[in-house]
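All remarks here apply to the structure that follows.
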Amino acid sequence: MNSNRRKFLKGTALFSAALLCGHHTCVRAKDVPRACSLRGGLQANDIKLFRTSGNSDLDRSINLELIHAAESFNILPGFGFYDDSDGKNAFATAETWIPNTKGTVAFGIELLSDELFSNEWGGLAVAGIMAHEFGHIFQYQSDFYSLLTQSQPTDRLLELHADYLAGYYLGLKRLRGGEIDIKGFLDSLYLKGDTHFNSPSHHGTPIERAKVMLEGYKLGLTNNNNIQQVAETGMNLVFTL
Ligand SMILES: [Zn+2]
């Protein structure tokens, strides 16, 4: 394990798993309305959420990240891992699947593994993807979902806005003292951009995704905003693209 991955894994204080699924398997969903997946094409039938990634050190590190993301976006979604062997993915749904939470984020085990071992900053990409999905939960639970989707033929603005929020979160993470290299998430995001301009699940081009994430990151580094202001700034940006 290299030093950067260890950095992501450190912070081993054991937090209560309030956000995590409380049982080994907790959910079966027939369909996922108003759900946003990282790569589109989500088949959401019979998804089971798991509490653990299979690695207890990684679980603790992710749990810490979840708590920071929930605080940063002022939300409390449920979170779990799921079997994404039919296509690496992560998603957020407005549905509540875990008691005492609101909305749900699920992270695919294979995506997790893929990102962690893709490069030395893979842990940062995991944090960025989680923040992107938490950004969707914030959108669902505010006016931003309708503002970013009304009269839009695709999810592009919604997705780019979530990228902006993810960048903002990573800026805050840097301010908390994390030694991070934003390129780790930049590369990951860039590779997930697409040019399917007419597809309903179009997420924005690689350049657009990278650009808005970096703008959000810059704002996060100022640590001088509340999430509502941040989201408005991000919305104004994506409408100009
Ligand atoms: Zn998304």
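The values are calculated or read from the model by the stated rules, or taken from the named source; none is laboratory data. These figures come from a predicted structure and were not determined experimentally. Neighbour counts are summed over all protein chains in view; Cβ atoms, including those assigned to glycine, are modelled from backbone coordinates with ideal geometry. Each accessible area value is taken on the protein alone, full model and side chains, heavy atoms only, with ligands, DNA and RNA left out. Shrake-Rupley method; radii C 1.70, N 1.55, O 1.52, S 1.80 Å.
Computed values, structure above
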quantity: Index of the failed condition, Gly177 passing every other in (1) within 11 Å of the chain's Cα centre (by Cα); (2) closer than 24 Å to Leu64 by Cβ; calculated: (1)
quantity: Test: residue in the stretch 183-193 that is over 24 Å from Thr104 (Cα atoms), open to solvent by less than 70 Å² (accessible area, probe 1.4 Å), within 14 Å of the chain's Cα centre (by Cα) and not polar (S, T, N, Q); calculated: yes
quantity: Any hit, the stretch 158-167, residues being in contact with a strand residue (DSSP E or B) (Cβ under 9 Å, 6 or more places away or on another chain) and under 16 Å from Ala69 (Cα atoms); calculated: yes
quantity: Residue list for the stretch 163-180, restricted to those being surrounded by fewer than 24 Cβ atoms within 10 Å (Cβ to Cβ) and charged (D, E, K, R); calculated: Lys173, Arg174, Arg176, Glu179
quantity: Any hit, the stretch 154-165, residues being in a loop (DSSP other than H, G, I, E, B) and not basic (Lys, Arg); calculated: yes
quantity: Unique residue being within 24 Å of Phe81 (Cβ to Cβ) and not in a loop (DSSP other than H, G, I, E, B) when the list is Tyr169, Tyr190; calculated: Tyr169
quantity: Test: Asn74 is closer than 27 Å to Asn223 by Cα and open to solvent by 20 Å² or more (accessible area, probe 1.4 Å); calculated: yes
quantity: Some residue of the stretch 203-216 being closer than 28 Å to Thr96 by Cβ and of a type in the set (S, T, N, Q); calculated: no
quantity: Answer residue from the stretch 66-102, given it is out of contact with any strand residue (DSSP E or B) (no Cβ under 7 Å at 6 or more places or on another chain) and small (Gly, Ala, Ser) and is farthest from the ligand (Cβ to nearest atom) among those; calculated: Ser85
quantity: Where a residue in the stretch 100-125 is of a type in the set (Asp, Glu) and its partner, wherever it lies, is buried (at least 21 other Cβ atoms within 10 Å of the Cβ) and part of a helix (DSSP H, G or I), with Cβ under 6 Å and at least six apart; calculated: Glu115/Gly122; Glu115/Ala125; Glu115/Val126
quantity: Meets criteria (open to solvent by 10 Å² or more (accessible area, probe 1.4 Å), in contact with a helix residue (DSSP H, G or I) (Cβ under 9 Å, 6 or more places away or on another chain), modelled with pLDDT of 90 or more and part of a loop (DSSP other than H, G, I, E, B)) for Lys102; calculated: yes
quantity: Leading residue by the ranking (nearest to the chain's Cα centre (by Cα)) among those in the stretch 144-153 that are under 25 Å from Leu76 (Cβ atoms) and open to solvent by 30 Å² or more (accessible area, probe 1.4 Å); calculated: Tyr145
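Residue-by-condition table, conditions (1) within 16 Å of the ligand (Cβ to nearest atom); (2) under 24 Å from His202 (Cβ atoms); (3) surrounded by fewer than 17 Cβ atoms within 10 Å (Cβ to Cβ):
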position: Phe107; (1), (2), (3): yes, yes, no
position: Leu124; (1), (2), (3): no, no, no
position: Gly128; (1), (2), (3): yes, yes, no
position: Ala131; (1), (2), (3): yes, yes, no
position: Phe134; (1), (2), (3): yes, yes, no
position: Gln139; (1), (2), (3): yes, yes, no
position: Ser142; (1), (2), (3): yes, yes, yes
position: Asp155; (1), (2), (3): yes, yes, no
position: Leu158; (1), (2), (3): yes, yes, no
